[in-house]
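Data block below; observations after.
The values are calculated or read from the model by the stated rules, or taken from the named source; none is laboratory data. Predicted model only: the values in this text are computed from it and were never measured. FYI the Cβ positions are ideal-geometry reconstructions off the backbone, even for glycines, and counts take in every protein chain you see. Heavy atoms of the whole protein, side chains included, go into the accessibility calculation; ligands, DNA and RNA do not. Shrake-Rupley method; radii C 1.70, N 1.55, O 1.52, S 1.80 Å.
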Amino acid sequence: MLRRAATICVAVLLTAAGCASAEPPPRPPVVHVSPAFDTKRARPDQGLVVSAKGGTLSQVLAYVSGVPVRGTLDPTRTTWRSSWTLKPGAEYTVTVKAAGAEGPSTVTMGRFRTRQAARSFGLAATTPQPGETVGIGMPVILDFDTPIRDKAAVERALEVRAEPPAEGAWRWIDDTRAVYRPRRFWRPRQQVTVTAHLAGIRLAPGVYGVSDQTFAFTVGRAQTSAIDTRTHQMTVRRDGRVVQRMAISAGMATTREYTTTSGVHLTMDKGNPVRMISPGRSEGDPDYYDVMIDHAVRISDSGEYVHAKDNVWAQGRANVSHGCVNARPDQAAWFYDTSLRGDPVTITGTDRRLEWDNGWGFWQLSWEQWLRGSALRSAPPLP
């Protein structure tokens, strides 16, 4: 009887000990969403951030007006951030799934609204035009309708996608213009898409971008021109093959104004005809002119064109122009017809250097110099 009672006591003690050592069930992960659900006036410039504690994020679905919100997950799979800022005055819906390490998962759903913009800013103009086919040296030029103070925030929102990929960078010309240039010339027939993710970018209290803008363009064949003012010759190559040789006459170089600039120019626009008037002179002044010029392709902002001129006696022999490059009318017409905006035209042989900000002289800067104008990728000062 005593032995049996002792056995029962031991069994009770073992049962009690087993209950005391049992671990609590694992808890599901905790999900945090910022802006918080049901917020009515969230700041668009803060973006959307989702995190998980005690687990990992297995799915984040966010939408605005039925459009998915792009975002990225960090390497630990515990934090997801929207790729861009949020659209002002919009409702966002969010669904999050988080998986526990050894326990149940969590599903969280909700919505929030962003605050309205009291004032807005955006793009006033873009270059190239949407759908345009351009030359291999073509820059991307964005003009804003408001001076940009926080250039880093805006530059961070500018996306250039090339197929195949190409390295490039933005440079700020002034407070309202940003220019993108690839490190090297575009590849022939490359496809390029530019998106300014301005919706939600905050310039000042209440001042936001309210919409994104996207445009695409195509790089055409690789046409380059080389002009030697000493030999008075111009050679045009297309995809590496010589397609035209032209006798030319360049600036007479009696003054700086009449000296053709040396350097890498880009074709900017063209007209047939173009009215050319001598700068800084009035009718009756020496060297005054007011003429209509055929088949003129502009290559700088200082009045330089490649154009037609019926002075074949000088072409190939002497430089007699006011700074432009002129060629035989039929060859100038050919160049006019075959030029795309952004075709490189490299001129050598004069002592006047093309300034990098004269027209589209952006290729006058080295890559390191170009980066110094970026708000995000500034290179250290050159020695």
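Data table
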read-out	value
Qualifying residue in region 257-275 (condition: surrounded by fewer than 20 Cβ atoms within 10 Å (Cβ to Cβ), at positive phi and among the aliphatic types (A, V, I, L, M))	no
Members of region 213-235 found to be surrounded by 19 or more Cβ atoms within 10 Å (Cβ to Cβ), part of a loop (DSSP other than H, G, I, E, B), on the phi < 0 side of the Ramachandran plot and out of contact with any Pro (no Cβ under 6 Å at 6 or more places or on another chain), listed by number	G220, T229
Test for R27: is it closer than 30 Å to A99 by Cβ, among the basic types (K, R), modelled with pLDDT of 95 or more and surrounded by 10 or more Cβ atoms within 10 Å (Cβ to Cβ)	no
Subset of region 90-119 [surrounded by fewer than 16 Cβ atoms within 10 Å (Cβ to Cβ) and within 26 Å of the chain's Cα centre (by Cα)]	R119
Matching entry among V306, V297, V291 (being in a strand (DSSP E or B), open to solvent by 30 Å² or more (accessible area, probe 1.4 Å) and touching a strand residue (DSSP E or B) at 6+ places or on another chain (Cβ under 7 Å))	V291
Matching residues, region 160-176, being under 13 Å from the mean Cα position of the chain (by Cα), over 20 Å from S83 (Cβ atoms) and in a strand (DSSP E or B)	R171, W172
Strands (runs of 3 or more DSSP E) fully within region 95-159 counting 2 or more residues that are polar (S, T, N, Q) and under 30 Å from P29 (Cα atoms)	106-113
Verdict on G316 being in a loop (DSSP other than H, G, I, E, B), more than 30 Å from E155 (Cα to Cα) and at pLDDT below 95	no
Qualifying residue in region 38-57 (condition: modelled with pLDDT of 95 or more, part of a helix (DSSP H, G or I) and open to solvent by less than 80 Å² (accessible area, probe 1.4 Å))	yes
Scope region 258-279; condition modelled with pLDDT under 95 and closer than 20 Å to R353 by Cα; matching residues	Y258, P279
Filtered residues of region 321-349 (kept if open to solvent by 40 Å² or more (accessible area, probe 1.4 Å), part of a loop (DSSP other than H, G, I, E, B), farther than 15 Å from R245 by Cα and at pLDDT 95 or above)	L340, R341
